[in-house]
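*Asks:* Before I ask anything, let me first share the structure, which is written out below as structure tokens.
The values are calculated or read from the model by the stated rules, or taken from the named source; none is laboratory data. Predicted, not measured: the structure shown is a model, and the values here were computed from it. Don't worry about glycine lacking a Cβ; one is built from the backbone with ideal geometry, like all the others, and counts go over all protein chains shown.
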Amino acid sequence: MVGFENHIGKINISDNFLTELVTHAVTDCFGVAGVCSVSTFRSAVSAMTLGKAFRKNKGVLIRTDKDGGLIVDLHIKVTYGTNITAAVNSITHKVGFTVEEATGIHVNKVNVYVDEMDA
């Protein structure tokens, strides 16, 4: 649960909503074949090195930083022939814009990991 306070009062946003919002934003981007499942080993390593995440679903890992903003880690599958740099830049901008527009919470960083390529 992510919570913040504004002039209206305290607002809580469920982890499931954020994860689904990010997943839909990513899968709508050109060249993205889907979101990859993260192995148990990889998720354990990232939890130890990156800190505690509050939501992990498939290949979407969302956590908060010390400033109250969000850090989003994405594990994706791209279609063959896609310009990966252009796809990653598109994903980064779209996820940041979509989350900030829907929730009002600033996204400080979006990390995109291309794990697979779909033929």
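*Asks:* Which residues, counting only those in segment 74-108, are surrounded by 13 or more Cβ atoms within 10 Å (Cβ to Cβ), without any contact (Cβ under 8 Å) to a residue 40 or more places away in the chain and charged (D, E, K, R)?
*Replies:* Correct list: Glu100 only.
*Asks:* I'm trying to understand the selection: among the residues of segment 1-29, which are surrounded by fewer than 13 Cβ atoms within 10 Å (Cβ to Cβ) and in a loop (DSSP other than H, G, I, E, B)?
*Replies:* Of everything in segment 1-29, those that are surrounded by fewer than 13 Cβ atoms within 10 Å (Cβ to Cβ) and in a loop (DSSP other than H, G, I, E, B) turn out to be Met1, Asn6, His7, Ile8, Gly9, Ser14, Asp28.
*Asks:* Does any residue in segment 7-18 that is among the charged types (D, E, K, R) come within less than 7 Å, Cβ to Cβ, of a residue that is at pLDDT below 90 six or more places away or on a different chain, and which pairs are these?
*Replies:* Lys10/Gly3; Asp15/Met1; Asp15/Phe54; Asp15/Arg55
*Asks:* Give segment 87-111 a look and list any residue that's touching a helix residue (DSSP H, G or I) at 6+ places or on another chain (Cβ under 7 Å), in a helix (DSSP H, G or I) and under 17 Å from Ser14 (Cβ atoms), or say none. It would help to see each step written out before you state the result.
*Replies:* Initial filter on segment 87-111 (touching a helix residue (DSSP H, G or I) at 6+ places or on another chain (Cβ under 7 Å)): 91, 94-95, 98-99, 102, 105-107, 110.
Next, from what is left, pick out any that are in a helix (DSSP H, G or I): 91, 94-95, 98-99, 102.
Answer for segment 87-111, where residues must be touching a helix residue (DSSP H, G or I) at 6+ places or on another chain (Cβ under 7 Å), in a helix (DSSP H, G or I) and under 17 Å from Ser14 (Cβ atoms): Thr98, Val99, Ala102.
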